[in-house]
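The values are calculated or read from the model by the stated rules, or taken from the named source; none is laboratory data. Keep in mind it's a predicted model, so treat the numbers as computed, not measured. Glycine also receives a Cβ, built like all others from the backbone with ideal geometry; neighbour counts cover every protein chain displayed. Keep in mind that these areas ignore ligands, DNA and RNA; they rest on the heavy atoms of the full protein, side chains included. Shrake-Rupley method; radii C 1.70, N 1.55, O 1.52, S 1.80 Å.
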Amino acid sequence: MNVKNKPAQQTFFIAIIFLVALLGWTIWQFHFNYMISLYDTFFHTQRIYDIRLAFLHQALPSWVNFNTFYNTGQAVNGMYPDLTLWPLVLVTNFLTPIHQIIAIKSLIAFLTFIVTFLSLNKRFESRNAVLAAIIFTLSGSVLKDLANEMQTGTAIIMIFAFPILFTLKDAIESKKVEPKLIIKTALLMTIVINSHLLSAVVITIIAGLFLIVITVIRKNYQAWLNLAIAAFLTVLLSAPLLYRIVKISKTGLLAPFGKGHVTSESLWNLFSTTSWSAKSTISEIAIVLIIITLIGIKRDKIKQLLPWLSLELLLIIFCTNILPWNLLSHLPIIDTFQAANWRFGIFLGIAPLIMVLINFKERTSRIILLILAVLSFILAFRNSYNFQYYHTANLTVVNKYTSTMVPPNDTVKLTSTGINSNKLSRTLLPDYAPNSAPLQKGSNGASFDPQLSYLITNQLGTTKTKDIPLTHTTTVNSITFKAHNVPKGSISLPVFGYRTLKYRITLNGKPTTAHLNNYGLITIESQSNLKHANYKIEFIQPTLYKALLWMSTILFLVLLIGLTVPIKKSNYFQIS
């Protein structure tokens, strides 16, 4: 055996072990034909299902959800970043809906492992890089999204966690205008914005604080120019999403759940309520890595470790009530954080891995990481096994035949035909509904008014004299209600309308006008009694949106190709 090739072969062998394990987990999950689901998993499965249907019908995903979220036409898809999810849905669309979602979770974990390894491999020995990638993927936030509650937006960001961190560090410390660094920063932040907006805010806050400190200490102002140009490019690249959000928001939307009241953990709870797959607190593996580093810290490595120690400490502070969140919660955007530890906690597992790789010699690091990688396999399997079988005998199986409402906080066995079920009360939520929709008193914005919920869940059209049962059919961009014996006058349908969006509405195939009632529901007038009535509501996607999609996609590809083009070294970009 060639000694020079031995490290590469060992790296490859370790990677194969991980990939086989991940494939085995995927096949194991496939054979159930259902997925254990809870909390936000319902929200994200319905988002994926709507995108799935659009691609199956060779259409762009609609801004409003007629096929999911109780068919209310809420602008969930329009307001929630989803562009980075599109490729994952597209390549898995040949699978059944529930298998597709399981496959997407596995693909995200696979990509997290690959990108993390490639990023670390540029800076550290390959065997250490691959072991660190395994530990990161099989613990903390990444493991939580793979094996437990699924939150695709933050999960996709974790794919690029290490490149984002290294690139922003380089940008903050840059001493001259560097085109490739600007492009990398813009591309990565575009991915973040198009995956989860509040995570983009979190990253900007943390990076901004470090930028200010570095500027004060080193009097380095060139970094500001690099980041300003990158921010401009990011806005251009994110134009389709930003256009959607601005267009829909002009209608006036309900405040997000818990707006104006940001909670956080105590420092004690952050460490005492942890687990291997912790997402909103620091994970057990992160604690172990920090302790190992502090015990074995090398004096000559302190300067290199300081930025990463500072980052971890800053993230911990932002997760806890050390900060006066009761005051900060009055600031714009931050007032929508809901829980600070949800927002900052997902990043707590990154710096500890880097600290171990920096602090110890290659061989020592490899021994530490090998032990922890083996432990990661064992604990990840235990986590998945317990989640799959713990109390599952009594779980409700949700499919197209489910006839009773599933409470919001229930855990269920979700099947392909149950993904868009109108019995999942967790998906009857006020998120992104028009602000004229009434809310239940005392729910802190988490629930619609009971009367509105009654009309939506029972698919009722409301007239002055009676409520009329409706049946519906849907396409990607439209919903059609059928009703019988409708008296003349107005009928309010259980579909929200947005004043800034364009709809085509017909009654029995003929164009008709409509207005919004006090609940924000689309209301149609009829001049006569109708024995049979077909009401079709079709959302018309703005032409400008399609143009922006083409523009941003082409620009993204051009910039991506630009990273591969060598730039001749010169002092041309140096700022004196």
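Of the set (1) assigned to a loop (DSSP other than H, G, I, E, B); (2) crowded, with 20+ Cβ neighbours inside 10 Å; (3) out of contact with any Ser or Thr (no Cβ under 7 Å at 6 or more places or on another chain), all apply to residue 421 but (3). Scoring residue 538 on the criteria (1) at pLDDT 95 or above; (2) charged (D, E, K, R); (3) out of contact with any Lys or Arg (no Cβ under 7 Å at 6 or more places or on another chain) leaves a single failure, condition (3). Being at pLDDT 95 or above, part of a helix (DSSP H, G or I) and out of contact with any Phe, Trp or Tyr (no Cβ under 7 Å at 6 or more places or on another chain) is a description that applies to residue 157. Taking the criterion of being open to solvent by 20 Å² or more (accessible area, probe 1.4 Å) and not in a loop (DSSP other than H, G, I, E, B), the residues of segment 397-416 that qualify are 397, 413, 416.
Residues that are of a type outside the set (Val, Ile, Thr) and open to solvent by less than 10 Å² (accessible area, probe 1.4 Å) were ranked within segment 167-186; the one that is farthest from residue 348 (Cα to Cα) is 174.
Select from segment 434-460 the residues that are in a strand (DSSP E or B) and without any contact (Cβ under 8 Å) to a residue 40 or more places away in the chain and write down the one among them that is farthest from residue 422 (Cα to Cα).
Result: 448.
Restricting attention to segment 358-379, and to residues there that are among the basic types (Lys, Arg) and more than 21 Å from residue 306 (Cα to Cα), which single residue is surrounded by the fewest Cβ atoms within 10 Å (Cβ to Cβ)? Taking the candidates together, the pick is 363. When each of 152, 92, 72, 167 is tested for being closer than 24 Å to residue 357 by Cα, in contact with a Leu (Cβ under 9 Å, 6 or more places away or on another chain) and among the β-branched types (Val, Ile, Thr), the lone residue that passes is 167. Scanning segment 386-396 for residues that are open to solvent by 50 Å² or more (accessible area, probe 1.4 Å) and touching a residue at least 24 places away in the same chain (Cβ under 8 Å) gives no hits.
The residue of segment 470-502 that is nearest to residue 246 (Cα to Cα), among those that are of a type in the set (A, V, I, L, M, F, W, C) and part of a strand (DSSP E or B), is 496.
Out of 262, 288, 246, which single residue is farther than 30 Å from residue 550 by Cβ, out of contact with any Asp or Glu (no Cβ under 9 Å at 6 or more places or on another chain) and of a type outside the set (Ser, Thr, Tyr)? The conditions single out 288.
To keep it simple, each residue is scored yes or no on (1) out of contact with any strand residue (DSSP E or B) (no Cβ under 6 Å at 6 or more places or on another chain); (2) open to solvent by 10 Å² or more (accessible area, probe 1.4 Å).
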position	(1), (2)
55	yes, yes
72	no, no
80	yes, yes
84	yes, yes
100	yes, no
109	yes, no
118	yes, yes
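I'd like to know if segment 6-21 contains one or more residues that are closer than 20 Å to residue 193 by Cα, among the charged types (D, E, K, R) and either open to solvent by 10 Å² or more (accessible area, probe 1.4 Å) or not in a helix (DSSP H, G or I) (or both). No, segment 6-21 contains no residue that is closer than 20 Å to residue 193 by Cα, among the charged types (D, E, K, R) and either open to solvent by 10 Å² or more (accessible area, probe 1.4 Å) or not in a helix (DSSP H, G or I) (or both). For segment 499-511, the count of residues that are of a type in the set (Val, Ile, Thr), in contact with a Lys or Arg (Cβ under 6 Å, 6 or more places away or on another chain) and touching a residue at least 12 places away in the same chain (Cβ under 8 Å) is nonzero.
Taken over segment 205-251, residues that are of a type in the set (A, V, I, L, M), open to solvent by less than 10 Å² (accessible area, probe 1.4 Å) and under 18 Å from residue 556 (Cα atoms) amount to 3.
Among residues that are crowded, with 21+ Cβ neighbours inside 10 Å, under 24 Å from the mean Cα position of the chain (by Cα) and either farther than 21 Å from residue 374 by Cα or of a type in the set (Val, Ile, Thr) (or both), residue 164 is included. Beta carbons closer than 9 Å, at least 6 apart along the sequence or on distinct chains, pair a first residue in segment 269-285 that is in contact (Cβ under 8 Å) with a residue 12 or more places away in the chain with a second that is part of a loop (DSSP other than H, G, I, E, B) and among the charged types (D, E, K, R) for 279/149. Of the residues 284, 265, the single one that is of a type in the set (D, E, K, R), open to solvent by 40 Å² or more (accessible area, probe 1.4 Å) and at pLDDT below 95 is 265. Residue-level analysis places residue 68 outside the set of residues that are closer than 21 Å to residue 191 by Cα, open to solvent by less than 40 Å² (accessible area, probe 1.4 Å) and either of a type in the set (Val, Ile, Thr) or in contact with a strand residue (DSSP E or B) (Cβ under 6 Å, 6 or more places away or on another chain) (or both).
Considering segment 547-574, the residues that are closer than 26 Å to residue 220 by Cβ and in a helix (DSSP H, G or I) include one that is modelled with the highest pLDDT, namely 559. In segment 135-148, the residues that are in a helix (DSSP H, G or I) form Cβ pairs under 6 Å with partners that are of a type in the set (Val, Ile, Thr), at six or more places apart or across chains, as follows: 136/116; 137/112; 141/346; 142/112. Of the residues making up segment 501-538, those that are open to solvent by 40 Å² or more (accessible area, probe 1.4 Å) and small (Gly, Ala, Ser) are 509, 514, 528.
Filter segment 448-497 down to residues that are among the aromatic types (Phe, Trp, Tyr) and open to solvent by 80 Å² or more (accessible area, probe 1.4 Å), then give me how many there are.
Kept after step one, since they are among the aromatic types (Phe, Trp, Tyr), are these residues of segment 448-497: 448, 454, 481, 496.
Adding the requirement that they be open to solvent by 80 Å² or more (accessible area, probe 1.4 Å) leaves 454.
Here the count works out to 1.
Of all residues assigned to segment 338-350, none qualifies as being open to solvent by 30 Å² or more (accessible area, probe 1.4 Å), on the phi > 0 side of the Ramachandran plot, within 24 Å of the chain's Cα centre (by Cα) and not polar (S, T, N, Q). Test residue 47 against the stated conditions and say whether it is among the basic types (Lys, Arg), in contact with a helix residue (DSSP H, G or I) (Cβ under 8 Å, 6 or more places away or on another chain) and free of Cβ contacts under 8 Å to residues at least 60 places away in the same chain. So residue 47 does not fit the description; no.
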